[in-house]
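Where a number appears in this text, it was derived from the coordinates with a stated rule and is not lab data. Here the structure is a predicted model, which means the values were calculated and not measured. Every residue, glycine among them, receives a Cβ derived from its backbone with ideal geometry; neighbour counts consider all protein chains shown.
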Amino acid sequence: MSIESYIEAMPKAELHVHLEGAVSPEELLLIAEQNEVAEQIKHFNTWAALVQKPDYERLDDIIRVACQWVQLPEDLTRIAYNVGTNLSKQNVRYAEVSVTPALYSGLSLSLEQFFAALNDGRERAERAWGIRIGWVLTLPRDEPRRGDEYVRFATSPGGRRANIVALGLAGTETAHPVGQFERTFVTAEKKGLPRVVHAGEILGAEGVLAALQTLSPNRVVDGWGISESKEVRDLMHEKSVSLDVSMIAALRRNRIADYQAYPLRQLYDDGVVITLGADMPELFQTTLNEQYTIVVRDLGFDLEELEEIALNAVRVSALPEDERETLLGEFRQTYDALRAEHIEAQTE
């Protein structure tokens, strides 16, 4: 028994994972084969190789091309089921999975039909493994015109039935200024729908500040650069905005040379409410368990601090308050039992 085995056994919530980056290369290639994609697009073998061994300078293009291989509703169902299965193997009990329907240009489905196919797989995974999944309907930054459609559906009875728990914004940060999305996110806020905004990847703290001031997110994803801006950190405290951290994304995109260079300790000690996510686990070749392990092994956090970060993912989730409190109690009780089994037993 060890810290590693303890982390593997910990029940977890995962709030920062993208469906498009959580599909295994094997699954994508099988879908491509069944849909005879090799006969439809140029340079298929090149793209297939990039899916298996990504060039992170071309990550957006890889995702865009691979999503075109998904051409049938049953493809979405299979993907959702397999993503849920893979998360459950890491003892993830609850996940909020970001999904960007605009990327799936090979499908001619309404939002209602799109999520019906996803939810078929989601429900199968829940029945088989007990994992619960909510969807973050994510608007791409290069398509602000879709904003009204997305927020209208997400806040409708159909959106609630589709298990959409939040509205997201992701994509190239410089594609459009955040003001282009203000009306969409104001509408979401007025209707009580949580907001999750990716910011900081290109514009750093300035981009995060603009997102905080204009879009009023509940959670900021990435947030690169806020460790250097007290103004941004203070505003996050003031607005009770949490930060979804993906250290693997910073590493793969060459922002840091190694994990020790990530300013997680500074953010934590400054009181930023942090959650950890694997972001695009298959493309980034990581797992949530590995990201948790790195926090202890490479960054020197102790077990109590790790547990606090893990519980943050439940606290800031879109679950109803009573369900959050129930899950927090279950997690704490399980952590105590696992600590005795995996940590304390080996010191006796």
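Figures for the structure shown
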item: Choice from Gly204, Gly192, Gly277 showing the highest fluctuation, given a GNM over the chain with Cα pairs closer than 10 Å; result: Gly192
item: Residue (of Tyr6, Tyr56, Phe44) at the positive-pole extreme of the stretch 1-71, dipole from beta-carbon charges; result: Tyr56
item: Most mobile of Leu235, Leu209, Leu311 in a GNM of the chain (Cα contacts under 10 Å); result: Leu235
item: Under 29 Å from Lys230, Cα to Cα: lysines that are on another chain or at least 8 residues apart; result: Lys190, Lys239
item: Anchor Lys12: lysines whose Cα lies under 23 Å away (excluding residues fewer than 8 positions away in-chain); result: Lys89
